[in-house]
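Taking it in order: structure first as structure tokens, then the write-up.
Derivation of every value follows stated rules applied to the coordinates shown; laboratory data play no part. Note that the coordinates shown come from a computational prediction; the quantities given were computed from them, not determined experimentally. When we count neighbours, we look across all protein chains shown, and the Cβ atoms used for this are built from the backbone with ideal geometry, even at glycine.
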Amino acid sequence: MCGRYEIYEEIRDERLDAFIRQATHLSARLCASMKTSGEIRPTDVAPVLAPSAIRRAVGAFPMQWGFRHPTKGMLVFNTRSETADEKDLFCTSIDERRCLIPASRYFEWHKTDTGAKERYAFRAEHGTPLYLAGLYIRMNEQRVPCFSILTRDAAPNIRAIHPRMPVLVPYDRAEEWLSRDTDFHTFVEQLSLPILAERG
């Protein structure tokens, strides 16, 4: 599960800054308050990358992290990549509504032997922005689309901290991930991105 992520100045590049500006412009037009820096929590509106209307380029859009399940009432903000296509909510999003969530780092909590919880921050090995794979849907009552972060089994070097992690997509494969012509499960299974953990 990924319950928090963060965008901060030290890990932002020109490309990410441009995406944030684009999403901010759309957010203002939609009168939707969007967080562009600091810690992002479920129900916050944040910049998200998705195919543009003409499907020839990646665009940035304001989207809300998570939504209330229409029948169960629970907040949905993570989705297991292994079973996403079995869920009624996401069976069409698998091909048609993929997205990428830019982040400087994400957080998980590790339960110690004493029962205490320690927070760990996870970041890219070379100090570059992370791009978390997600799926989005449109809810009738929402001004902006809502997204859920896809998760998978954690990489071996961080599995002792938490058994799950977001699906991380290298930016040079962003358009491939966002294309409906790319097989969902095959793509996810091929991904391997070095990730580092530190307390905090």
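Here are some notes:
- Sequence of 150, 193 once ranked by neighbouring C-beta atoms within 10 Å, starting from the fewest: 193, 150
- Compactness of the stretch 4-199, expressed as Rg and Dmax over alpha-carbon positions, Å: 16.1, 54
- Among 185, 110, 162, the ranking by other beta carbons within 10 Å of each residue's beta carbon, starting with the fewest, stands as 185, 110, 162.
- Selection among 71, 188, 121 by position relative to the dipole of the stretch 4-199 gives 71 as farthest towards the positive end (Cβ unit charges, Cα centre).
- Most mobile listed residue (136, 120, 106) in the chain, GNM with C-alpha springs under 10 Å: 120
- Footprinting exposure proxy for 177, 65, 109 (fewest neighbouring C-beta atoms within 10 Å first): 109, 177, 65
- Centre separation in Å (Cα based) which lies between the stretch 1-68 and the stretch 126-141: 8 Å
- Cβ-placed point charges (K, R +1; D, E -1), dipole of the stretch 76-137 about Cα centre in debye, nearest 20: 340 debye
- Residues of type lysines that residue 87 reaches as a straight line, Cα spacing below 16 Å, ignoring anything fewer than 8 places off in the same chain: 72
- Among residues other than residue 117 with Cβ under 11 Å from its Cβ, the summed charge is 0 (Lys and Arg +1, Asp and Glu -1).
- Considering only 167, 107, 177, the residue lying farthest towards the positive end of the dipole of the stretch 58-200 is 107, judged by Cα position with unit charges set on Cβ.
- Sparsely packed trypsin sites (Lys or Arg not before Pro) within the stretch 85-168, loop by DSSP, other Cβ within 10 Å at most 13: 138, 143, 159
- If you run the Gaussian network model on the chain, springs between alpha carbon atoms under 10 Å, then out of 70, 62, 145 the most flexible one is 70.
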